[in-house]
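Since the structure comes first, as structure tokens, the remarks are kept for the end.
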Amino acid sequence: MSWSIDGIEWTVPCDILRTAEIKPSEISGLLLNKRYFNDVLGTYMAYEIGVAVPFGKEDEYTRLYEILTAPIGEHTFIMPYNQDTVTFLGRVENVKDAFVRIPGGKKYWKGLTFTAIANHPSKTMTLGDVLSIGLTPLPTSVSIPVGSVWELTANGWEPYTAPTYTDFDEVYF
Amino acid sequence: MKITVGVKTYTDIKAPNFAPQTDVTGSEVTLNDLEVDINTTDTIGIGQYLFLYDDQDNLWAKYWITYAEHIDKQTLRIKADSQLKLLERDILDPVMFSAEPIADVLTEIFASLGSSAYTIDSSFTNETITGFCPEQSAKTRLQWVCLVLGAYIQSFFSETINILPIDEETETLIPIEKTYWKPSVTYRDYVTAVNVKAYSYTQGTPATTDAWVTDNTNTYIQEEQNFKLSNPDAPVSVLTNEITVEGITIVNSTNVSAIASHLAKYYFKRQEVDLDVINNAEYIPGQRVVVYTDEDTLAVGFIESCAFSYGIQARSTIHMTPVEVRESEKLTVIYSYDGMQIGKIEYTLPVGYAFSIENPYLDMQLSRHRFIFRPTTAAATGTMVSGGVTVTVNYEIALDYIPGEGGTKLLHIVSVDDIAQDETDNTLVEIT
């Protein structure tokens, strides 16, 4: 599974843990009627990624590390999202890896992990959206002739015709 | 929220510090301001207007920028004041008014801002000012005028400065579902009396013992008269605590009584309420509102200030005073179908409140059927009276949905409302 940061696509083996934070605003709180008022600012995606760069590709590892640790506030990420991808501007947090020295003088870095957190919500609503929710609880535009009967078929709702005995192979009385 | 300065609009802003207030005694002109941090490298000059809008382009404030400095390379901090601040710098000459039309007095006060900068409520059109105004700032003169008119200043949620009547009649209910847990009620000290001094003037040469004023053309002998209203509710044991209004020399024998009784109404009530409400600018300072102080108790009073905080919607911490308990009763709305009660809902509402509560469609599972009941009237309406009110709303079945066996699902269209029957297109409601 590939992902990209700042336009550079990475196809190295990796684990990706996806988190969606449905972030409440500071004005959320308990109301006098005991209902909790949840004022949601939006859904912020976060991806915790562990990469495994194969031996012999230390240059790639270093390049990725330098990108991740650059002191900039915002990167452009393209990350897996359901069967597709999502593009967002986000920040990098918690870049970690481990230095390993093994007998024979061989040494390398491994286990690079980091978290990419969206700076903008991937889903959000406007004030107008929020205010219009729940104003009309149920349909108001039913305009089907009174007394009709409809049946849910593979093609959706269709006028229903009651079966007659001729529709059956055998009729018992 | 967003900020517009000149032709540029900034949406990348940190929560504006905006807490408008007004004085419902009319004895002070409150200078409101706004502070906001904008994420920008732009430089913005002071001495121009800033507009604060919500996401639906409703204006919250039009204020004059007095400070704009980068607090770091990416953050511009702006402070702005209401246009009233500009009136502080305009010094007006002394003048003796004799039944001066209010329009003319305001024209002089707002001379530097222009007539488009303010509005005055039509109820004040025929009001006049009589008395002496010394050399003073335009802001102070406006404050004096507000006191004698019984007016307050709205310098928020509007492009203009609005001079409005302190309206004791119109009340807006802030519903319980918009009120945060939990309002607090406090009591201030008793005010034992209100004193207001009235002035009268006679043109002439004053004796050495006379008080006098001059408008630089003529000299006037000044006479004073004290009006006192004592608080009948103040226990004799409390310490004397009197409010005195003096030196406002456009208070005269004609208007003093109304001024004193208005101040008494304000100061003789002791209760104050602080509460948080979901407030997308529906409730603003100067408004008279009825609020829930707990689930069953209502109180009525004026909003003095609203400090806003922001999410998708906005929340405000409201300070209300003076406040008095408002009699409340239960409204019971019974939903009925064919004589059978299918639902009930209760509200606590103020007595005298004309209610109109939208009747919902009811989606109910009964036996194997899923019914959608439609109310035969759009809203339950009436007026709350002592003893409570019960309203019965009749329902009819709109849809009868029968999840059948073997995958068969039937939808019976039982009734259609009048509006829908006028439609030519058949729209099928999705039932899942």
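What follows draws every value from the coordinates through simple rules; no lab data is involved. The structure displayed is predicted, hence computed values, not measured ones. Here Cβ is always computed from backbone atoms with ideal geometry, including for glycine, and neighbour counts include all displayed protein chains.
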Quick test of your reading of the structure: A:L32 fulfils all but one of (1) under 26 Å from B:N39 (Cα atoms); (2) surrounded by 12 or more Cβ atoms within 10 Å (Cβ to Cβ). Name the failing condition by number. (1)
I need a count of the residues in the range B:301-331 that are assigned to a strand (DSSP E or B) and either within 14 Å of chain A (Cβ to nearest Cβ) or within 30 Å of B:V393 (Cα to Cα) (or both). 15
When the residues of the range B:332-350 are narrowed to those that are in a strand (DSSP E or B) and of a type in the set (G, A, S), which ends up farthest from the other protein chains (Cβ to nearest Cβ)? B:S336
So how many residues does the range B:74-89 have that are within 14 Å of another protein chain (Cβ to nearest Cβ) and surrounded by 14 or more Cβ atoms within 10 Å (Cβ to Cβ)? 1
Whichever residue in the range B:351-367 is touching a strand residue (DSSP E or B) at 6+ places or on another chain (Cβ under 9 Å), among the hydroxyl-bearing types (S, T, Y) and part of a loop (DSSP other than H, G, I, E, B) and, among such residues, is nearest to the other protein chains (Cβ to nearest Cβ): B:Y361
Given the criteria assigned to a loop (DSSP other than H, G, I, E, B), within 30 Å of the chain's Cα centre (by Cα) and surrounded by fewer than 18 Cβ atoms within 10 Å (Cβ to Cβ), does B:E35 qualify? no
If only one of B:I174, B:I161 is within 14 Å of another protein chain (Cβ to nearest Cβ), among the hydrophobic types (A, V, I, L, M, F, W, C) and either in contact (Cβ under 8 Å) with a residue 24 or more places away in the chain or surrounded by fewer than 19 Cβ atoms within 10 Å (Cβ to Cβ) (or both), which one is it? B:I174
Being surrounded by 15 or more Cβ atoms within 10 Å (Cβ to Cβ) and either within 14 Å of another protein chain (Cβ to nearest Cβ) or of a type in the set (K, R) (or both) is true for just one of A:L112, A:L64, A:L68, A:L127. Which residue is that? A:L127
Residue list for the range A:96-107, restricted to those being farther than 19 Å from A:I49 by Cβ and surrounded by 10 or more Cβ atoms within 10 Å (Cβ to Cβ): A:V100
Would you be able to say whether some residue in the range B:62-73 is surrounded by 16 or more Cβ atoms within 10 Å (Cβ to Cβ), out of contact with any Gly (no Cβ under 7 Å at 6 or more places or on another chain) and outside any strand (DSSP E or B)? no
Counting just the residues of the range B:234-291 that are surrounded by 21 or more Cβ atoms within 10 Å (Cβ to Cβ) and small (G, A, S), which one comes out farthest from the other protein chains (Cβ to nearest Cβ)? B:A260
